[in-house]
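Down below is the structure, laid out as structure tokens.
The values are calculated or read from the model by the stated rules, or taken from the named source; none is laboratory data. Quantities reported herein were computed from a predicted structural model and do not represent experimental measurements. Counting neighbours? That spans all protein chains shown, and the Cβs are built from the backbone with ideal geometry, glycine included.
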Amino acid sequence: MKKALLENVSRVDSSVQPCVVVHYAEVGLKGENRHLFENQLIRNIKQALKDTGVQQVRRFHGRMAVLLPPDYDWERVQERLQRVFGIAYFAPAVIVEQDIGVIERVACELMAQYRFQSFRVKTRRSQKAFALNSQEVNVRVGAAIQAQSGAKVDLSHPEMTCHIEIFDRFAILYAERIPGARGLPVGVSERAVSLLSAGIDSPVASFKIMKRGVKIIFVHFHSVPFTSDASIRNSQRIVQLLTRYQYASKLYLVPLLEVQQEIMLKAPTDYRVVLYRRFMLRLAERIARRERARALITGESIAQVASQTLSNLMVINEVTRLPVLRPLSGNDKEEIVDMARELGTYEISIEPYEDCCSLFVPRHPVTRAKREVVEEAESRLDVEGLIRDALQRTEVVKFHYPESDADE
Ligand code: ATP
Ligand code: MG
């Protein structure tokens, strides 16, 4: 549909070049770092559109224009751009020469692609030398659109707005804004390691932090061969889905079974889950160091289950000096489920699988874990040896998006 729109408009004048105007959100606000943000956003847009033939993304006056090649697939371009963090909104647009006659004709053709009862023209000039000021452009182009469409001008609540942006050597016209994913471009906020179960919460937690521009490295703990590899397969599907937002991912698959068996043999039954978690954080921290990641992420939510009381979180946390981000700590389950549904991970997360942590779990886990008990139990374990063994048998799987990348 949009493709036909841009093609119709392009026929009006030979100077017309179809493009997508990208307006960015917070990216524009970052003062000196602005170039870093813009460069990362450009890289991410190019990567997201890699298999669409798009070659050029131009930056100008706090916006970007993605130049569309002759045989672009609009559906694909739109779908991809909607998942690029850092974009506030984008619009199918045309670039035309800086000539009021051309602008007027193209604006009329652009608006002829839509149905509306009321409209306005909104002009912005970055190039003040243009012969007409913004108001004069609004009046002239508005009169032409009105004559053609019969719609009335409404400056406060128009159904459609014809945007005209006049720059140094060209002008850009568009009428329809498509909301973007907002957030910050992935890659501008360093890296973090996310503990990814195949459950509902941790994919959402990863997504929220990714949206702040953080590149995520995933770690999944499994109990194969004691359990099937269903949790591994589900975690892979989740990472594949999340990779659509960060283009390349690594998933560390860490065997936890030996750790669990040792804990089962040597520690008090009600402390098992707390001890599993402490080992998970230790292992994740080692991986974080290797990956130069600056934080860990979990899907924990306060008091959702026994292991997630504040007392337990405190004791679990003590094994690492890295900040542990828990972006869902203040959300209730219903809110998290809604987010998982919207993200598309919910369907994968509710598939049955044996969780490594539901193994050997006591009926009455401790809710106020005591540091002395934990330390006493761990003194009977070869903590360092268990960690070393688990890391030695860890596998790494890589993901790419768009997938064609992986073939290269
Ligand atoms: P989730 O839905 O993310 O599994 P949950 O509410 O089921 O969370 P727990 O199973 O207690 O809670 O896990 C708490 C957090 O510990 C998870 O959100 C995740 O970050 C981490 N975690 C739990 N199990 C695993 C695992 N097998 N691999 C990696 N991380 C895990
Ligand atoms: Mg879980």
Quick check on my filter: what residues within the stretch 103-129 are out of contact with any Ser or Thr (no Cβ under 8 Å at 6 or more places or on another chain) and hydrophobic (A, V, I, L, M, F, W, C)? Ile103, Val106, Ala107, Cys108, Leu110, Ala129
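Here is a yes/no grid of residues against (1) touching a residue at least 40 places away in the same chain (Cβ under 8 Å); (2) outside the structural domain of Val84 (by TED's automatic domain parsing); (3) outside any loop (DSSP other than H, G, I, E, B):
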residue	(1), (2), (3)
Leu155	no, no, no
Cys162	yes, no, yes
Asp168	yes, no, no
Ala171	yes, no, yes
Which pairs have Cβ atoms under 9 Å, sit 6 or more apart or on different chains, and link a residue in the stretch 395-408 that is within 13 Å of Leu242 (Cβ to Cβ) to one that is of a type in the set (A, V, I, L, M) and modelled with pLDDT under 50? Phe399/Ala406; His400/Ala406
Pick out the one residue from Arg120, Arg124, Arg182 that is closer than 18 Å to Ala91 by Cβ, in contact with a Gly (Cβ under 9 Å, 6 or more places away or on another chain) and part of a strand (DSSP E or B). Arg120
Residues Ser307, Ser329, Ser311, Ser301: which one is in contact with an Asp or Glu (Cβ under 9 Å, 6 or more places away or on another chain), part of a helix (DSSP H, G or I) and polar (S, T, N, Q)? Ser307
The residue that is nearest to ligand 1 (Cβ to nearest atom), considering only those in the stretch 345-393 that are buried (at least 17 other Cβ atoms within 10 Å of the Cβ) and of a type in the set (Ser, Thr, Tyr), is Ser349
I need the full set of residues from the stretch 185-215 which are crowded, with 24+ Cβ neighbours inside 10 Å, within 16 Å of ligand 2 (Cβ to nearest atom), part of a loop (DSSP other than H, G, I, E, B) and not small (Gly, Ala, Ser), in order please. Leu196
Can you tell me which condition Ala267 does not meet? The list is (1) away from ligand 2 (no atom under 16 Å from the Cβ); (2) over 26 Å from the mean Cα position of the chain (by Cα); (3) closer than 21 Å to Ile200 by Cβ, and all the others hold. (3)
Which of the residues spanning the stretch 220-258 are within 15 Å of ligand 2 (Cβ to nearest atom) and under 18 Å from the mean Cα position of the chain (by Cα)? Ser235, Ile238
